[in-house]
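For reference, the structure is listed below as structure tokens.
The values are calculated or read from the model by the stated rules, or taken from the named source; none is laboratory data. Keep in mind the model is a prediction, meaning the values are calculated, not measured. When we count neighbours, we look across all protein chains shown, and the Cβ atoms used for this are built from the backbone with ideal geometry, even at glycine.
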Amino acid sequence: MTFEQKILDQIKTKHLKPLSKGYFKTRDLALWGLLVVFVAALGVGVGMIIYGIRSTNLSVLAKLELTLSQKALFFFPVFWILACAVIATVAFINLRKTRRGYRVTARQFIIIAALVAVGVGSIVYALNVTQYLSRVAANRIPLYKDVVAPNTSTWLDPNHGLLSGVIRSRDSDTSFYVRDSEAVLWHVTGDDMIIPTGYIMQTGERIKIIGKRTGDDAFTAREIHPWSSN
Amino acid sequence: MWGMAEETPTNKSVDAELVRTSLESPEEFGRIIEKYQEPLRRYVRRIARASRDETDIILQDIFIKTYENLNDFDQGLAFSSWIYRIAHNESIDYLRRNKRSGTSLDDPAYDDESLSLAETIAADEDMELELDKGYLRKNVGLILDQLDPQYRAVLALRFIDDRSYEEISDILRKPPGTIATLLHRAKKEFRRIAEEQKKL
């Protein structure tokens with residue numbers, strides 16, 4: 001029996017048949033569908049990066065008592081940058097599995113992916129999707145504000161020297177109590193506080209404070225601003 | 001040069017017709033087996049470093065896989081590139097399963113091909129002064145055995161099967177630019193191993 005006959009016999013006895021065209025079309029569609037999902041996810045990630053960077057108040061950042069690396073971590077949305085890198089890597093692996101995807105080099109992919117992601121990301125940002133997602137995440141995911149996007153919740157970040165809330169009571173001009181939006185009552189003190197000229201603090205008023213956290217619910221203020229100020 | 005000649009438009013349409021008829025009748029698939037079994041056998045032996053019997057088993061798997069995936073054949077590619085891709089993947093799978101390397105093949109036809117390959121690389125790399133023909137004839141098997149399978153594949157496809165960069169790119173599923181780099185590295189590695197062997 002020739003080699004060729006041996007194989008044809010195997011095909012016959014095992015009742016082997018070519019897999020259907022539909023099977024391969026479905027597989028190709030799934031691969032391309034996944035790629036679209038990854039590109040959309042990359043767009044959202046880039047949108048979150050744009051939102052994160054644009055949300056940072058640079059003048060406030062300059063006043064915070066943080067080291068340069070802490071400021072960089074505060075300024076750049078590191079979580080989203082890493083997330084985008086992971087999504088892009090998975091998207092590249094997925095692209096390589098498509099019929100002709102292997103012809104795309106890593107460099108070509110990086111250029112195309114960056115252009116598409118920035119385009120989609122800008123649209124996502126312009127449509128306020130990132131603002132919405134950030135708000136939802138901050139409200140529903142524990143630690144999101146502190147770890148993922150400290151800069152997007154700028155005025156309630158005591159660990160980074162920022163506090164905001166309503167003045168509940170006052171012992172004196174240098175010692176008073178502020179309740180923040182998470183219902184924590186803070187004892188704020190500060191002998192050398194800078195207060196805008198002509199501004200007088202009043203109980204029941206919402207204020208923004210720059211300073212340093214000194215305890216679980218204790219904060220030393222360096223600057224006080226009315227909530228409505230920039 | 002041995003093996004398959006570079007893909008021509010006529011060859012491409014003949015293969016496309018063979019695929020079409022094989023899908024209609026399994027008997028027709030015999031013509032594909034007949035056409036490709038020898039070049040693929042040589043390719044598998046070069047890459048997988050398998051014995052004759054083992055090569056036959058790998059070849060059977062290749063043709064069964066080819067038959068089952070006939071509907072996946074991309075008409076935009078040369079059929080020979082597509083079937084070589086299956087052969088390449090099966091050979092690499094075999095190597096991984098068996099973790100075998102360094103097995104020299106005692107096949108005169110294989111040795112002639114290997115020698116031709118070695119001489120082509122030597123001429124290309126301007127190594128004649130250091131590595132004479134006698135030395136290459138004696139050691140070519142050992143040198144090839146020590147090469148990474150990926151390098152063996154790219155050298156064999158380029159210098160034995162006379163494949164274009166684009167065809168090699170389609171077979172190995174790598175960008176055409178990467179093939180040039182791989183080929184350069186493979187030749188460099190071949191030279192390094194040859195020189196090391198000579199010192200021993």
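So the values come out like this:
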quantity	calculated
Every pair of residues 6+ apart whose Cβ atoms lie under 7 Å, when the first sits in the stretch B:80-91 and is touching a residue at least 24 places away in the same chain (Cβ under 8 Å) while the second is hydroxyl-bearing (Ser, Thr, Tyr)	B:Ile83/B:Tyr36; B:Ile83/B:Thr66; B:Tyr84/B:Tyr43; B:Ile86/B:Thr66; B:Ala87/B:Tyr43
Filtered residues of the stretch B:63-75 (kept if facing chain A (nearest Cβ under 8 Å) and in a loop (DSSP other than H, G, I, E, B))	B:Asn69, B:Asp74
Conditions (1) within 30 Å of B:Glu24 (Cα to Cα); (2) at pLDDT 95 or above; (3) assigned to a helix (DSSP H, G or I): number failed by A:Glu4	(2)
Residue check for B:Asp56: within 11 Å of chain A (Cβ to nearest Cβ) and buried (at least 17 other Cβ atoms within 10 Å of the Cβ)	no
Per-region count, the stretch B:14-53, residues more than 10 Å from chain A (Cβ to nearest Cβ), over 30 Å from B:Leu155 (Cβ atoms) and among the hydroxyl-bearing types (Ser, Thr, Tyr)	2
Condition check for A:Ala72: closer than 30 Å to A:Arg222 by Cα, more than 18 Å from the chain's Cα centre (by Cα), aliphatic (A, V, I, L, M) and surrounded by fewer than 18 Cβ atoms within 10 Å (Cβ to Cβ)	no
The listed residue being touching a residue at least 12 places away in the same chain (Cβ under 8 Å), more than 14 Å from every other protein chain (Cβ to nearest Cβ) and within 14 Å of the chain's Cα centre (by Cα), out of A:Val136, A:Val124, A:Val120, A:Val116	A:Val124
Residues within the stretch A:1-32 that are under 58 Å from the mean Cα position of the chain (by Cα), more than 30 Å from A:Tyr102 (Cα to Cα) and more than 8 Å from every other protein chain (Cβ to nearest Cβ), tallied	2
Positions within the stretch A:175-198 being within 16 Å of A:Asp217 (Cα to Cα), hydroxyl-bearing (Ser, Thr, Tyr) and exposed (fewer than 15 other Cβ atoms within 10 Å of the Cβ), in sequence order	A:Ser175, A:Ser181
Any hit, the stretch B:162-178, residues being under 12 Å from B:Arg46 (Cβ atoms) and either more than 14 Å from every other protein chain (Cβ to nearest Cβ) or touching a residue at least 60 places away in the same chain (Cβ under 8 Å) (or both)	no
Lone qualifier among A:Phe74, A:Phe79 - being more than 14 Å from chain B (Cβ to nearest Cβ) and modelled with pLDDT under 75	A:Phe74
Failed criterion for A:Leu66 (all others in (1) more than 14 Å from chain B (Cβ to nearest Cβ); (2) at pLDDT below 95; (3) part of a helix (DSSP H, G or I) hold)	(3)
Qualifying residues in the stretch B:59-78 (those that are touching an Asp or Glu at 6+ places or on another chain (Cβ under 6 Å) and modelled with pLDDT under 95) - the one surrounded by the most Cβ atoms within 10 Å (Cβ to Cβ)	B:Ala78
The one condition in (1) in contact (Cβ under 8 Å) with a residue 40 or more places away in the chain; (2) in contact with a Leu (Cβ under 9 Å, 6 or more places away or on another chain); (3) not acidic (Asp, Glu) that B:Leu18 fails to fulfil	(2)
When residues of the stretch A:88-109 are limited to those that are farther than 11 Å from A:Leu35 by Cβ and under 21 Å from the mean Cα position of the chain (by Cα), the one surrounded by the most Cβ atoms within 10 Å (Cβ to Cβ)	A:Ala88
Positions within the stretch A:84-106 being in a helix (DSSP H, G or I), closer than 24 Å to B:Trp82 by Cβ and of a type in the set (S, T, N, Q), in sequence order	A:Asn94
Meets criteria (modelled with pLDDT of 85 or more and touching a Gly at 6+ places or on another chain (Cβ under 7 Å)) for A:Gly190	yes
Qualifying position, being part of a loop (DSSP other than H, G, I, E, B), touching a Leu at 6+ places or on another chain (Cβ under 9 Å) and at pLDDT below 85, among B:Ser104, B:Ser114	B:Ser104
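One line per residue, one yes/no per condition, for (1) within 19 Å of A:Ala62 (Cβ to Cβ); (2) modelled with pLDDT of 90 or more:
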position: A:Asn159; (1), (2): yes, no
position: A:Ser172; (1), (2): no, no
position: A:Phe176; (1), (2): no, yes
position: A:Pro226; (1), (2): no, no
